[in-house]
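Data first, discussion second: the structure below is written as C-alpha cells.
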Amino acid sequence: MKTSRLEAFSDGVIAIIITIMVLELKVPHGAELSALAPLWPVFLSYVLSFVYIGLYWNNHHHMFQLTESVNGRVLWANLHLLFWLSLLPFATGWMGENHFERWPTVLYGINLLCCALAYYVLQTLIVRHQGPDSQLAMALASDLKGKASPVLYVAGILGAWAISAWVGLGFFVFVALMWLVPDRRLEKRITAQSGQSQSGSNLKSK
C-alpha cells in the first residue's frame, strides 16, 4: 500500500490537534496588558506542546519520505501514535490551567513518554516491513536521541513527582531542545535517493 493517504490523514489530525490547543488560550475581558498576566502558564504550556507537535510532524514527514509502502500493522501503529498526540491538548490545558502543579505535570510527562514510545513502535514496524537494508533502516542505524528521549521523560516524570514540577519541566524542555538540533541523517538519505532517481530517469531518457 502507498503512503500518500496515511500521510494526508496524519497531517490533517496534527493540524486539528494544534487548533484545539490554541483554543485553550481564552481571550481576556480586560483591555490592559495586565489582563494577559493570568494567561502566562497556559501560553507557556501551549508553546512547549506546539514545539513537540511540530517536531513529531517534521520527523514523521521525513520518515515517510523514506518509506515506500505500508501494511496493516504500520497503519495501526500510526493511529496509535496519533491517539497519544491527540491527548496532548488535554494534558497541556490541565497543566497550564493549574500553573504547573505536580500531578498535571506528571500526566503531561506520561503523555510525552507514550508519544515517544508510540513513535518508536511505528518506526520499528516500518523498518521491519521494508527490511534491514532499506534506506530508512540505514539512516536510523545510530538512533541515540530516539533511545535517550524515553529515559529523559521517565527522569522528568519522577522529578516532577518526587521533587518539583519545575524539575520535570526542565527535562521536558531539554528533550525538545535536543530534537530542535537539526538531524541530517534522514535528509541525507532523502537527497541521495532523489539523486539516484534523477540519474535513473536521465539514463532512461537517453
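The values are calculated or read from the model by the stated rules, or taken from the named source; none is laboratory data. Only a predicted model underlies this, so the values are computations on that prediction, with no experimental measurement involved. Cβ: placed from backbone, ideal geometry, glycine included. Neighbour counts: every protein chain shown. SASA here: full protein model, heavy atoms, side chains in, ligands and nucleic acids out. Shrake-Rupley method; radii C 1.70, N 1.55, O 1.52, S 1.80 Å.
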- [ ] Compare 92, 105, 124 in a GNM of the chain, Cα atoms joined below 10 Å, and give the one with the largest fluctuation.
- [x] 124
- [ ] For 100, 50, write out the residues from largest to smallest accessible area, computed with a 1.4 angstrom probe and no ligands counted.
- [x] 50, 100
TODO: Mind checking the full-extension length gain between residue 97 and residue 2? Use 0.36 nm per residue of separation minus the Cα-Cα distance, one decimal, nm.
DONE: 30.0 nm
Task: Accessible-area composition of the chain, carbon plus sulfur, in percent [1.4 Å probe] - done: 67
- [ ] Go through 191, 84, 165 and say which Cα lies farthest out towards the positive end of the charge dipole of the chain; charges sit on Cβ, +1 for Lys and Arg, -1 for Asp and Glu.
- [x] 191
Task: (1) 17.5; (2) 18.6; (3) 19.2, with the label sought being that of the calculated Kirkwood radius over Cα pairs in Å - done: (2)
Open item on the list: So, for the chain, what is the accessible surface per residue at a probe of 1.4 Å, expressed in square angstrom?
Closed with: 57
Open item on the list: Relative contact order of the chain, please, whole-number percent, based on alpha carbon pairs below 8 angstrom and at least 6 residues apart.
Closed with: 23
TODO: Using a 1.4 angstrom probe on the protein heavy atoms only, line up 60, 80, 29 by accessible area, largest first.
DONE: 29, 80, 60
